[in-house]
Amino acid sequence: MDGVFLDNLSDAGNMILNILWDRNREMAADELSEAVKEVYQRNLEPRVIRENANLLVRQGYVQRRRHGVKVYYIALGAEEVR
């Protein structure tokens, strides 16, 4: 997968962000963990995914949405990122 790798993000953060941009849909931490394993052949636990995804939320790249008890993450489009 070709992607954009931002200097201010960790490897895990860049992988998560690129997957969210590529898939263009809400994804839970367990789905992101499987996608990272599939695309990058890296085994990141859902806990690590959540930590990095929450950092992406604080940095304004990703939005967190809750549906019931499950939390999903979706990348913001370029027009939404400041």
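The values are calculated or read from the model by the stated rules, or taken from the named source; none is laboratory data. If you're wondering where the values come from, they're calculated on a predicted model, not measured in any experiment. Cβ coordinates were reconstructed from backbone atoms using ideal geometry, including for glycine residues, and neighbour counts include every protein chain displayed.
So here's what we get for this one:
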| item | result |
| --- | --- |
| Residue list for region 12-34, filter: more than 18 Å from GLY77 (Cβ to Cβ) and either hydroxyl-bearing (Ser, Thr, Tyr) or free of Cβ contacts under 8 Å to residues at least 40 places away in the same chain (or both) | MET15, ASP30, GLU31, SER33, GLU34 |
| Top-ranked residue of region 19-72 - restricted to ones that are under 20 Å from LEU9 (Cα atoms) and among the β-branched types (Val, Ile, Thr), ranked as surrounded by the most Cβ atoms within 10 Å (Cβ to Cβ) | ILE49 |
| Members of region 73-82 found to be of a type outside the set (A, V, I, L, M, F, W, C) and either over 15 Å from MET15 (Cβ atoms) or touching a Ser or Thr at 6+ places or on another chain (Cβ under 9 Å) (or both), listed by number | GLY77, GLU79, GLU80, ARG82 |
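Yes/no per residue for (1) touching a helix residue (DSSP H, G or I) at 6+ places or on another chain (Cβ under 8 Å); (2) outside any helix (DSSP H, G or I); (3) modelled with pLDDT of 95 or more:
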residue: PHE5; (1), (2), (3): yes, yes, no
residue: VAL39; (1), (2), (3): yes, no, yes
residue: LEU44; (1), (2), (3): yes, yes, no
residue: ALA53; (1), (2), (3): yes, no, yes
residue: ILE74; (1), (2), (3): yes, yes, yes
residue: GLY77; (1), (2), (3): no, yes, no
